[in-house]
Amino acid sequence: MSTAPQVVLPAPPSFRLDGRRALVTGAGRGIGLAAAAALAHAGAHVLLCARTTDEIEAAAAAIRAARGTAEALTLDVTDPDAVAKVLAERPPVDILVNNAGTNRPDFFTDVSISDFDTVMALNVRATYFVAQSVARGLINAGRRGSIINMSSQMGHVGGARRSLYCASKWAMEGFTKAMAIDLAPHGIRVNTLCPTYIETPLTEPFFRDATFRQSVLDKIKLGRIGQVDDLTGAIVFLASDASSLMTGSSMLIDGGWTAE
Ligand code: NAD
């Protein structure tokens, strides 16, 4: 008879999201669409939101065609009252990917007040109040949840012609930590995801400039520009119980940009 001690293996992580509801803002294309598809693949029912009905309906239909469950919400997230109303009419969402965002790069002394207001209205004001609506729904229903704020490596460093974008993403890093403190007693986790440059419709015009493209490649230590697929594993991780002890934190997926 063996005298070897019986080994009890730790439980494996669960990345499944069956039975959870997820809201992804800016889900019509780019990173948001990839996030929505990945969450649906992991079993979540996904609400995709963006301003353009055709784009968002097509995205939701593509997820359903891939055997996910998804519905499209035409919604401008810069209108907090509209967001609150739409969310109050539905069961609470357990997962938020607070992704809609924009960038208006310019040299610091040329940044216009109009661009400042546009970027801050979407990247800071809208994301803040979408998170607030989601958190209120969860608290009222007594449910736990995970909020993923889509930040950037530019929420951790500075960049040329990025003073406005950096202001918005550093703000997001700050409110994420403070939200995490307020919401932890309710079992609601709040983290940021911080990508390097990813090829999407947002960055496509920037990369038409070969000098800019090379300057980005020179800083990404792994030597390639990111693709949306580089982010989806992290999104499912942050949404799932596999990250259940993680809150008020940032996950950098930057190919080593900020390592130096
Ligand atoms: P994108 O422009 O390709 O897609 C943005 C999506 O947001 C679109 O579906 C658009 O319709 C939607 N949107 C814009 N304004 C909206 C509004 N008012 N209400 C609702 N939806 C709205 O952008 P992307 O490159 O996929 O970026 C998504 C997020 O990731 C942004 O927050 C961006 O700052 C961040 N990010 C992007 C990169 C990158 O290199 N692409 C890097 C780091 C962080």
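Using only alpha carbons, the chain has a radius of gyration to Kirkwood radius ratio (Rg to Rh) of 1.00.
Among the trypsin sites (Lys or Arg not before Pro) in segment 1-79, which ones are in a DSSP loop with at most 10 other Cβ atoms within 10 Å of the Cβ? Mind listing them? Don't skip to the end; give the middle numbers.
Numbers: sites: Arg16, Arg20, Arg21, Arg29, Arg51, Arg64, Arg67; in loops: Arg16, Arg20, Arg29, Arg51, Arg67.
Answer by residue number: Arg67.
Fully extending the segment from Arg51 to Ala65, taken as 0.36 nm per residue of separation minus the present Cα-Cα distance, adds 2.8 nm.
So for each of 70-80, 93-103 I average, over its residues, the number of other beta carbons within 10 Å; can you give me the resulting order with the highest mean first? Provide the component values of the computation, followed by the final result.
On the way: 70-80: 18.4, 93-103: 25.0.
My ranking of the peptides, most packed first, is 93-103, 70-80.
By the helix-only formula, in which each DSSP H run with n ≥ 4 contributes -39500 (n - 2.57) and the sum is divided by residues, the chain has a 222 nm mean residue ellipticity of -12000 deg cm²/dmol.
Please arrange Cys49, Cys166 by how many other C-beta atoms lie within 10 Å of their C-beta, fewest to most. List each step's numbers first, then the result.
Details: Cys49 27, Cys166 17.
With the sparsest Cβ surroundings first, the list reads Cys166, Cys49.
Normalising the Debye intensity of segment 89-241 to I(0), with uniform scatterers on Cα atoms only, and taking log10 at q = 0.20 Å⁻¹ returns -1.28.
Taking 7 Å steps out from each Cα toward its Cβ at Gln214 and Ser114 produces label points 3.4 nm apart.
Rounded to the nearest whole Hz, the Karplus-based 3J(HN,Hα) values (6.51 cos²θ - 1.76 cosθ + 1.60, θ = phi - 60°) of segment 41-54 follow the sequence 4, 7, x, 6, 8, 10, 9, 9, 10, 6, 7, 9, 4, 4, with x at glycine and proline. Kindly write out, for segment 26-33 in residue order, the coupling ³J(HN,Hα) from the Karplus curve 6.51 cos²θ - 1.76 cosθ + 1.60 (θ = phi - 60°), rounded to whole Hz, with x marking Gly and Pro. Couplings: x, 8, x, 7, x, 5, x, 5 Hz.
Every read-out reported here was derived from the displayed coordinates using simple, explicitly stated rules and does not represent laboratory data. Nothing here was measured: the structure is a model prediction, and the numbers come from that model. With ideal geometry, Cβ positions are generated from the backbone for all residues, glycine too; neighbour counts draw on all protein chains shown.
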